[in-house]
Amino acid sequence: MPNTLLKPIRLAANRPRTLRGTYHVQTWGCQMNEEDSEQLGLHLREIGFEPAESIVDAHVILLNTCSVRRKPEDKAFSMLGELALLKEVRPEIVVGVCGCMAQLRADEIKRRAPFVDFVLGTGDISNVAGLVEEALQTRKFAKRVELPERRGKVVTDLPQRQVDRATKLKAFVPIQYGCDKFCTFCIVPTTRGRERSRPTDEIVDEVRRLVDRGTREITLLGQTVNSYGKNLAEGQVPFSELLWKLSEIDGLLRLRYTSPYPRDFRADLIETIRDCPAVMEHVHLPLQSGNDEVLKAMHRVYTADSYREIVANLRAAVPGIGLSTDIIVGFPGETEEQFEDTLRLVEEVRFDGAFMFIYSPRPGTPAGDMEQLPLHVRKSRMDRLLELQNRISVEKNLEAVGHVFEVLVEGPSPKNRDRLQGYTREFKMMHFDGSETLTGQQVRVRATSAHLWGLNGVIEEN
Ligand code: SF4
């Protein structure tokens, strides 16, 4: 996707016409947004639309936005600025804005981009087909940003999902929407509403359809997946029980999930990781900070010690388990000493990998109204954490050299098509020689060398 549309738009102005009945979805943000974008496309296919070759040829253009930090919002507004030019030369196109920024800033989007045909929030993206048809007929602006609320204990209003999805080796399946944790830096509870779990049977059915079509690895999605199942009409279903149910599906090789919440990480889940062959020996467990005062200010309901205990229990039950995390540096009020607690915990736990973020104030979050640390302080802490974690990641990968790993072959590496690639059960990327015909199979690979991003290896003959 070109980083600006200006040139393609100028070219488009000279091309005869828009490819009617085609759509393009531009996505920013998390896996949940990627998943929503696939759903948006499937709902449009239901009314006869096909994917366009490029955004400037599309009849319907959907921007699926993200509000987790300022940057993706700025990118969406800059693209709207360019689409205004396209709309001038192509008045027949339909432009819709979806996702978290649409949920939060619908009126502002309309004010700053009056040509937008509709704004659709995160609550029910299955409305998209109706909104497109309405826009094509009436050209009247429409706004749909209602968020489904939980009525009492029972969940209602879950989005209507398209489950006849394209065949992929790996697929994401949302099991839960929204979040009840209200971390003070996070906009998600505002943009995606209260926590709502999908009925277990519906999830099992969707996964079975995907596996019947050739999917071999499923990643279950939720803001706090391990608090799944609390508010179901059928009564509480623990997350571990859902994992066991899914593992019984013939043909499903691998189950992953993201992201769990530390406080809800209980013994039954650890035992399931240890005992259930389909569940991968990798956990992505967001830490955010290694200091208890900062965790409290973030409204993260656990302590550094309770986090250490989960890690110790995981490693005792599943030796060699892969562990990754999320960390925010420069949270308002974070002192040098408190930051060093985070460095100490990172040094002690030795994560295989981490997503590390400089704190970004979000309007509409409690932390967004707090006094911010100077940006240079936040940046220098980020540099120190990056240096530490990258050193540890390389050391952990070097420790893996000589060991044999089970790898699900994804196919040729995009960067070097002579090499195959795939992830180990512990979520380490492995590159190795082999025939493309191995794609979709699990092979045993001995690691022969390592680097920051993963391993190189050779297929181990049986
Ligand atoms: S757990 Fe916290 S960080 Fe994660 S989605 Fe919920 S509120 Fe946001």
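The values are calculated or read from the model by the stated rules, or taken from the named source; none is laboratory data. Everything quoted here is computed from the prediction, not taken from an experiment. When we count neighbours, we look across all protein chains shown, and the Cβ atoms used for this are built from the backbone with ideal geometry, even at glycine. These area figures cover heavy atoms from the full protein model, side chains too; ligands, DNA and RNA do not enter into them. Shrake-Rupley method; radii C 1.70, N 1.55, O 1.52, S 1.80 Å.
Quick notes on this one:
- Length-normalised contact order of the chain in % [C-alpha pairs under 8 Å, at least 6 apart]: 9
- Net +/- balance of residues flanking Thr27 in space, Cβ distance below 15 Å, scoring K and R +1, D and E -1: -3
- What separates the Cα centres of the stretch 368-411 and the stretch 428-462 is a distance of 22 Å.
- The residues packed around Ala317, meaning those with a beta-carbon under 14 Å from its beta-carbon, carry a net charge of -2 if Lys and Arg are +1 and Asp and Glu are -1.
- Gain on full stretching of the segment that runs from Val204 to Thr448 - 0.36 nm per residue minus C-alpha separation: 84.0 nm
- Entries in Lys181/Lys379; Lys87/Lys140; Lys75/Lys170; Lys71/Lys143; Lys75/Lys140; Lys181/Lys230 that, when Cα-Cα distance is taken, lie over 18 Å: Lys181/Lys379; Lys75/Lys170; Lys71/Lys143; Lys75/Lys140
- Subtracting the Cα-Cα distance of Asp107 and Gln31 from 0.36 nm times their residue separation leaves 24.8 nm of extension gain.
- Rule-of-thumb Rg ratio for the chain [Cα; 2.2 N^0.38 Å; N residues]: 1.02
- The residue list Thr122, Gln103, Gln31 was ranked by how far each Cα lies along the charge dipole of the stretch 4-139 toward its positive end, using unit charges on Cβ atoms, and Gln103 comes out on top.
- Among the protein heavy atoms of the chain, carbon and sulfur supply 51% of the accessible surface, probe 1.4 Å, non-protein parts ignored.
- Summarising the strand pairing of the stretch 318-455, around 65 percent of its internal DSSP beta bridges are antiparallel.
- Mean separation of Cα contacts under 8 Å (6+ apart) over length of the stretch 282-398, as relative contact order %: 29
- Among beta bridges that DSSP assigns inside the chain, antiparallel share in %, nearest 5: 35
- The stretch 204-362 - convex hull of the alpha-carbon atoms, volume per residue in Å³: 132
- Take the Cα of Phe141, step 7 Å toward its Cβ, do the same at Lys75, and the gap between the two points is 2.6 nm.
- Lone cysteines, the chain (no partner Cβ under 4.7 Å): Cys30, Cys66, Cys98, Cys100, Cys179, Cys276
- Simple spin-label estimate for Ser247 and Val394 gives 3.7 nm between the two label positions (7 Å along the Cα-to-Cβ direction from each Cα).
- Where a label projected 7 Å from the Cα of Ala316 along Cα→Cβ would reach, residues of the stretch 279-308 with amide N under 17 Å: 305-308
- Accessible area per residue, Å², the chain with all protein chains present, probe 1.4 Å: 44
- Scattering profile of the stretch 404-459 at q = 0.19, 0.25, 0.27 Å⁻¹ [log10 I(q)/I(0), Debye over alpha-carbon scatterers]: -0.52, -0.93, -1.09
- Computed [θ] at 222 nm, helices only, for the chain once each DSSP H run of length n ≥ 4 contributes -39500 (n - 2.57): -11000 deg cm²/dmol
- Relative contact order for the stretch 4-139, counting Cα pairs under 8 Å that sit 6 or more residues apart, in percent: 26
- Anchor Lys428: aspartates and glutamates whose Cα lies under 16 Å away (excluding residues fewer than 8 positions away in-chain): Glu217, Glu281, Asp352, Glu395, Glu399, Glu406, Glu410
- Gain upon complete extension [Arg274, Thr437; 0.36 nm per residue less C-alpha separation]: 55.6 nm
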